[in-house]
Amino acid sequence: MFLIIIIGLIGFGLYELATTVYTVPNRQTKKAVKRLVNQKKLSDDLKEFFVDPISKVFSKFIKMDRIAREKQQRNLLRVGIDITPEKYYADALVISLWILCLGALFILIGVPIFFAIAAIFAVWLFFSNIDVANKEIKKVNNAITRNLPKFVMIYDHARGDNVQLVDIIEKYREAACKEFQYDLDLLIVDLKTGSEESALISFAERTNIQELSNFVNILLGSIKGDDVSTAIQLTQREMEVIRREEKNRKILALPDKVKVSIYATGIMLAILAITPILMDMAKSLTAFK
């Protein structure tokens, strides 16, 4: 009984540390969380107590190339992770080390196989944690790409009315998806505090989306006085393709409940298929004895 309690406590600790990964809330959620500072999850408390003090020390020894660091910092900020790249990698390392240490307790209670499992899980979790930002960036960029047709349409309708570019961007921001708003906010600030050309170039480099960069090149040509009517028409055709792809994606996308039902059905079918085989094996071993 005592052994079961120990294993249960160790398993609970492993679970809580394993779930201490970077969630990526939107800006509204982050503000709401700040107002509710007394309602933190247990995993947040564990991370603050066990991970942060060690990772702050480890982060001082992590060296990164300047360009790679700047790119990673931009990506972290774009997905709402407001820490340095060094701290980001150090957190992932410390969480995996703690899981490895907790897994070592299984050796003391005579179950070394679980230590091996914990070690494999720790390595997998490390690479999974450091890849969180990249996965979220892909989601953000995909959402921005799907929202581009609206951006092009609003610009095309407003550009002939002697309207300032910053006014068009501010108007579009009201209708933009939430994933795009952070980058648009920075663009608006840059447009108001610097030159339009430098603001647009920085915007394209920060987002690093090919379709958006192509549209930015059209905006830069318009600023220089070039006739961009033909380019806008070609871009509109590209945007029509994106619109069709988005419609098809929504049609093919399955609701979460349907996905869960499919997974559950698949698992049950697998169990039904394997159970007779296991029973036959058990009967064969019994007969052999």
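In whole percent, how big is the carbon plus sulfur part of the accessible area of region 169-224, probe 1.4 Å, protein atoms only?
With neighbouring chains kept in place, the figure for region 169-224 is 45 percent.
Between residue 82 and residue 274, with labels modelled 7 Å along Cα→Cβ, what's the label distance in nm to one decimal, could you check?
Output for this residue pair reads 4.5 nm.
What's the ranking of 224-231, 163-170 by average number of surrounding C-beta atoms within 10 Å, highest first?
163-170, 224-231
From the phi angles alone, apply the Karplus equation (6.51, -1.76, 1.60; θ = phi - 60°) to region 99-107 and give each ³J(HN,Hα) in whole Hz, x where the residue is Gly or Pro.
Calculated HN-Hα couplings, in order: 5, 5, 5, 5, x, 5, 5, 5, 5 Hz.
How much area per residue is accessible in region 105-159 when the probe is 1.4 Å and only protein heavy atoms are counted (Å²)?
Computed with neighbouring chains in place, this is 54 Å² per residue.
Which value, in Å², gives the accessible area per residue of region 165-212 when a 1.4 Å probe is used on the protein heavy atoms?
For region 165-212, the solvent-accessible area averages 49 Å² per residue.
Quick check: pseudo-label points 7 Å beyond the Cα along Cα→Cβ at residue 111 and residue 48, how many nm apart are they?
The two pseudo-label positions are separated by 3.1 nm.
Taking the Cα-to-Cβ direction at residue 236 and at residue 66 and moving 7 Å from each Cα, how far apart do the two end points lie in nm?
Taking the simple label geometry, residue 236 and residue 66 are separated by 4.5 nm.
The values are calculated or read from the model by the stated rules, or taken from the named source; none is laboratory data. Keep in mind that this is a model prediction, so the values were computed, not measured. A quick note on method: Cβ atoms are made from the backbone with ideal geometry, for glycine too, and the neighbour counts reach across all protein chains shown. Ligands, DNA and RNA are excluded from the accessible area calculation, which covers all protein heavy atoms including side chains. Shrake-Rupley method; radii C 1.70, N 1.55, O 1.52, S 1.80 Å.
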